[in-house]
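A quick write-up on the structure given underneath.
The values are calculated or read from the model by the stated rules, or taken from the named source; none is laboratory data. Everything numeric in this text was worked out from a predicted model, so none of it was measured. With ideal geometry, Cβ positions are generated from the backbone for all residues, glycine too; neighbour counts draw on all protein chains shown. To get the accessible areas, we keep the full protein, side chains included, count just its heavy atoms, and leave off ligands, DNA and RNA. Shrake-Rupley method; radii C 1.70, N 1.55, O 1.52, S 1.80 Å.
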Amino acid sequence: MKKRTILLMFLGFNALMVSAQDKGLGMKKYEEAKIVKQELQLTGEWDKKFPKSNKVEHKKVTFVNRYGITLAADMYVPKNAQGKLPAIAVSGPFGAVKEQSSGLYAQQMAERGFLTIAFDPSFTGESGGQPRYMSSPDINSEDFSAAVDFLSVQDNVNAERIGIIGICGWGGIALNAAANDPRIKATVAGTMYDLTRVSQNGYFDQGTAEQRYEMRKAMAQQRIEDYKRGRYELQGGVVEERKEDLPWFVKDYFDYYKTERGYHPRSLNSNGGWNKVGGLSMLSFPMLYMAGEIRNAVMILHGDKAHSFYMGKTAYSKLTGDNKELLVVHGASHTDFYDRLDKIPFDRLAEFFTKNLK
């Protein structure tokens, strides 16, 4: 069937629906859906894992996504900034909160002239959403677009110059958001995970269809147990003990999330982890399916010592066009990009966004 025919059919169906409403043919009358912002309880103290910069202004802000979830964010604005600024929204790592890596990135980029926000995803940190500690590749991609909504209407932001940064699992989510939202003019996926790939195939693609089936069975049974008890069981926080026989990258996670370096009481990775059945949708969601259709600029930022590097290289191979870049930092591990100022090339990120947010 030709595209023109399909379009005419759709328009005709739309007109029929409106006509039915106008004529009172039993159709439910349309009522305007209002955007309602939830009143969140936000801390007033500086409880970040990095020192406060004297080069930027900081304040708490909130905004609402299209699922009606109110998100909490920290806004960073360069001091003495004038006019409409380019803006960047930041989130990640997966299971972290804005007081950790994303806030550090946001503050560093604000020092370099960008208005930035670091936000807690739906269901986590200071953001709203019930039940708590859930994840969804769809809703979390929407969180980035909702951040763009918010930034687009700020008096001191140029709505045509908005980019995003996703760290770790939020790197893959950032690419999914960029594929779906052309308002995102530039995207950095840093030390990225494709969460759906690792959920479906395990680390280093060693999983099998039989293992996926067993996971689905376990989650289905867990749903029944949760419903019986009237509460959701958690899992997935970083290990409580740094044993010598652990994989080296798990030790790296411990060294960040379970020590003074990165521990935060609201971080899922630092504590009890995610809702146990929260990752079910990851088993069937193709995170990077449309990455090849991203027309705006993308940078894949990775360390060559990161266990996740293979996912970054695959993501880069899916991108098309001449405005895509793979930036490899030699000697950097996955968690080095969480907070190591000697490893994270913030000046290079600023050059990328300056070039592409114009």
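Worth a mention:
- In region 189-203, the residue that is most open to solvent (accessible area, probe 1.4 Å) out of those that are of a type in the set (A, V, I, L, M, F, W, C) and touching a helix residue (DSSP H, G or I) at 6+ places or on another chain (Cβ under 7 Å) is 195.
- Within region 186-215, the set of residues being assigned to a helix (DSSP H, G or I), in contact (Cβ under 8 Å) with a residue 60 or more places away in the chain and of a type in the set (S, T, N, Q) comprises 196, 199, 200.
- Boolean, residue 280 is in contact with a helix residue (DSSP H, G or I) (Cβ under 9 Å, 6 or more places away or on another chain) and either without any contact (Cβ under 8 Å) to a residue 40 or more places away in the chain or basic (Lys, Arg) (or both): no
- Within region 237-291, the set of residues being under 20 Å from residue 120 (Cα atoms), surrounded by fewer than 14 Cβ atoms within 10 Å (Cβ to Cβ) and at pLDDT below 95 comprises 272 only.
- Residues in region 326-337 that are out of contact with any Asp or Glu (no Cβ under 9 Å at 6 or more places or on another chain) and part of a helix (DSSP H, G or I): 1 in all.
- Qualifying residue in region 216-239 (condition: more than 18 Å from residue 94 (Cβ to Cβ), in a loop (DSSP other than H, G, I, E, B) and among the basic types (Lys, Arg)): yes
- Residue list for region 81-112, filter: hydrophobic (A, V, I, L, M, F, W, C), crowded, with 24+ Cβ neighbours inside 10 Å and touching a strand residue (DSSP E or B) at 6+ places or on another chain (Cβ under 7 Å): 87, 88, 89, 90, 106, 109, 110
- Taken as a whole, the structure leaves residue 315 outside the set of residues that are under 19 Å from the mean Cα position of the chain (by Cα), more than 30 Å from residue 207 (Cβ to Cβ) and small (Gly, Ala, Ser).
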